[in-house]
Amino acid sequence: MGYFSHDTAIIDDNCQIGNNSKIWHFSHVMPNCKIGENCNLGQNVVVSPDVILGNNVKVQNNVSIYTGVICEDNVFLGPSMVFTNILNPRSAIVRKDQYVKTIIKEGASVGANATIICGNQIGKFALIGAGAVITKPVLDYALVVGNPSVQIGWVGEFGHKLKFNNEGLATCKESGQIYSLNDYTVIRVS
C-alpha cells in the first residue's frame, strides 16, 4: 500500500488509490473508485462508487463526490463545495440509472461552498468563486462567481486574474506565462 489512510477512514473493495495519496479522518471511499497519485482527501470526504480522481487532486473537508463525477489532474475542491448527480431528485423515485456526468478539467479550482449542478463541464484552469452556483458549462481559464454564476473575467494557470491588452495578450504577474484571448477563447501561448 503506497498511500496513507487515517484509522477512521473507510476504504471499500475494488478501489485503486495511487502512491502518496492521503485519506484523512472520517472519510469514506466507496467501491470501484480510481484515485490518482499525490491526492489529498480531507476530513469527512465521501467518494461515491465509480468516481475518478486524477493525480494531485486536493479535496478539502466536508465534500461529497458523487457517482458521475470525474476530476482530472491538479483539481482543487474547496471546503464544503457540493456536487449533484441527478437533475430532478425525488426521495420516492429511484434514479440510480440516470446519474449525469460532470467533468472538472485539469487544473480547475472550485471555491468553498460552491455548488456544481450535474452535467456541466468546468474548463481547464477555471476558477469558481466561493459560493457560486454553476448552472451551465464553464470555459477554460474562466473566472466565475455568483448565484446563478456569471463569468467576470479570465485567470491564468497560477490563478491570477488576466488583463488583456489591445492585441489580446496578457501576462501572468507571478509566472510570466503569456495568454491569448481570441473569439472568447483563452489559450496559453508561452
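Structural remarks
- Whether the range 21-69 is rounded, prolate or oblate, judged on the alpha carbon gyration tensor where a/c under 1.5 counts as rounded: oblate
- Per-peptide packing, taken as the mean over residues of other Cβ atoms within 10 Å, places 155-164, 26-35, 181-190 in the sequence 26-35, 155-164, 181-190 from highest down.
- Each peptide in 134-142, 70-78, 83-91 gets a packing score, the mean of other Cβ atoms within 10 Å over its residues, and the list from highest to lowest is 70-78, 134-142, 83-91.
- Other residues whose C-beta falls under 12 angstrom from the C-beta of residue 108 contribute a net charge of -2, scoring Lys and Arg +1 and Asp and Glu -1.
- Cα gyration tensor shape for the range 112-182, rounded if a/c is under 1.5, else prolate or oblate: prolate
- Over all directions, the projected convex hull of the C-alpha atoms in the chain averages 11.7 nm² in area.
- Its Cα centre serving as origin, the range 54-190 has a Cβ charge dipole (Lys and Arg +1, Asp and Glu -1) of approximately 380 debye.
- Label positions at residue 135 and residue 92, each projected 7 Å from the Cα along the C-beta direction, are separated by 2.8 nm.
- Debye intensity ratio in log₁₀ form over the Cα atoms of the range 1-93, taken at each q of 0.10, 0.13 Å⁻¹: -0.23, -0.38
- Eligible lysines near residue 163 by straight Cα distance, threshold 29 Å, same-chain separation 8 or greater: 58, 105, 124, 136, 173
Since every read-out is calculated from the coordinates, none of them should be taken as a lab result. Computed from a predicted structure; not experimentally measured. Neighbour counts are summed over all protein chains in view; Cβ atoms, including those assigned to glycine, are modelled from backbone coordinates with ideal geometry.
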